[in-house]
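Some notes on the structure that comes next.
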Amino acid sequence: MANLEALLFDVDGTLADTEREGHRVAFNAAFAQEKLDWNWDGQLYGRLLRVTGGKERIRYYLQEFNTTFSGPKDLDSFIADLHASKTAHYKKLMAEGRIPLRTGVRRLLQEARDSGLRLGIATTTTPDNVFSLLNSGLEQGGASWFDVIAAGDVVPAKKPAPDIYLWAMGQMGLGPDACLALEDSHNGVRSVLDAGIKSLVVTVNGYTRNEDFSGAGLVVDHLGGPGHPCTALTGDLGGHQMVNVDLLRQLHAESNP
Ligand code: XBP
Ligand code: MG
């Protein structure tokens with residue numbers, strides 16, 4: 001049986017609930033700045049989240065929801081510039097501390113470090129967004145808690161493709177049996193499982209609550225904390241009130257017999 005050596009965290013929806021009041025707001029700010037009459041309300045954004053990656057999401061929006069837009073000939077550059085503007089707005093939101101880390105995230109990260117587990121990130125979002133979240137959510141230098149930050153375009157195919165998890169494990173010199181992943185979405189679960197990682201915990205959020213998490217050993221409403229117990233929607237907390245390192249080691253042993 002392999003030992004658990006590392007926790008690999010997704011970012012958006014897992015470390016922090018960044019989509020509705022973070023990324024979506026930043027996209028709309030960029031549209032306004034570029035004088036586009038586009039507005040992604042909460043409901044439309046939930047549908048657009050089917051596609052991971054901000055640039056890919058803009059393209060999906062044009063293909064499926066705004067087919068009358070007659071953009072410039074060089075659509076790739078137009079989308080790239082628009083996305084760069086969105087990222088600038090997002091980083092500003094993060095710097096203002098508008099989006100806190102989710103319940104139990106800081107506690108679990110600290111516990112994992114104290115118990116000698118390595119930490120990695122595997123996300124579809126832009127690297128700058130990760131650094132701004134970690135430096136506001138943890139403290140300046142919080143990104144250094146992680147051995148690797150695998151993010152965005154570092155791989156050719158975004159989630160649900162397994163590329164980002166494979167790249168992260170490659171950088172850490174770890175095989176899938178040494179890792180446990182924490183995700184929030186169906187796309188994320190697919191990416192983890194197709195990367196060969198069998199230990200997987202999902203923390204649902206407003207956008208992903210009803211998605212299919214088949215293959216996840218444990219699905220919870222949040223990671224929990226002292227006086228703020230979490231609830232298992234699928235799987236068993238084994239008597240724990242919160243997701244802690246002991247529980248994760250138990251889950252890892254069960255999924256890697
Ligand atoms: C979530 C995503 C990202 C963000 C937007 O990533 O799919 O695209 O929604 O960020 P994950 P960008 O759940 O894998 O952390 O605009 O920088 O892509
Ligand atoms: Mg996510």
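The values are calculated or read from the model by the stated rules, or taken from the named source; none is laboratory data. Nothing here was measured: the structure is a model prediction, and the numbers come from that model. Note that we place each Cβ from the backbone using ideal geometry, even for glycine, and neighbour counts take in every protein chain shown. Just so you know, the surface numbers come from the protein's heavy atoms only, side chains and all, with ligands and any DNA or RNA stripped out. Shrake-Rupley method; radii C 1.70, N 1.55, O 1.52, S 1.80 Å.
Answer with yes or no whether D41 is within 25 Å of N187 (Cα to Cα), open to solvent by 30 Å² or more (accessible area, probe 1.4 Å) and modelled with pLDDT of 95 or more.
Here the answer is yes, as D41 does meet what is asked.
Each row is one residue, and each column tells you yes or no for (1) out of contact with any helix residue (DSSP H, G or I) (no Cβ under 7 Å at 6 or more places or on another chain); (2) closer than 24 Å to G97 by Cβ; (3) small (G, A, S).
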{"site": "F146", "(1), (2), (3)": "yes, yes, no"}
{"site": "P156", "(1), (2), (3)": "no, no, no"}
{"site": "N187", "(1), (2), (3)": "yes, no, no"}
{"site": "Y207", "(1), (2), (3)": "no, yes, no"}
{"site": "P229", "(1), (2), (3)": "yes, no, no"}
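Which residue, of V130, V192, V202, is open to solvent by less than 40 Å² (accessible area, probe 1.4 Å), more than 11 Å from the chain's Cα centre (by Cα) and within 29 Å of T234 (Cβ to Cβ)?
V192
Please tell me if D163 is of a type in the set (D, E, K, R), without any contact (Cβ under 8 Å) to a residue 60 or more places away in the chain and within 16 Å of ligand 2 (Cβ to nearest atom).
So D163 passes the test.
Select from region 97-126 the residues that are hydroxyl-bearing (S, T, Y) and more than 12 Å from the chain's Cα centre (by Cα) and write down the one among them that is surrounded by the fewest Cβ atoms within 10 Å (Cβ to Cβ).
Per the stated criteria, the residue is S115.
Is it the case that G188 is in the same structural domain as A112 (by TED's automatic domain parsing), within 13 Å of ligand 1 (Cβ to nearest atom) and of a type in the set (G, A, S)?
Yes.
Based on what the data block shows, is T67 part of a loop (DSSP other than H, G, I, E, B), outside the structural domain of Y207 (by TED's automatic domain parsing) and open to solvent by 80 Å² or more (accessible area, probe 1.4 Å)?
Yes; evaluated as a whole, the condition is true for this residue.
Being in contact with a strand residue (DSSP E or B) (Cβ under 7 Å, 6 or more places away or on another chain), away from ligand 1 (no atom under 12 Å from the Cβ) and more than 18 Å from L218 (Cβ to Cβ) is the filter here, so list the residues in region 158-185 that pass it.
Those that are in contact with a strand residue (DSSP E or B) (Cβ under 7 Å, 6 or more places away or on another chain), away from ligand 1 (no atom under 12 Å from the Cβ) and more than 18 Å from L218 (Cβ to Cβ): W167, M169, Q171, M172, L174, A178.
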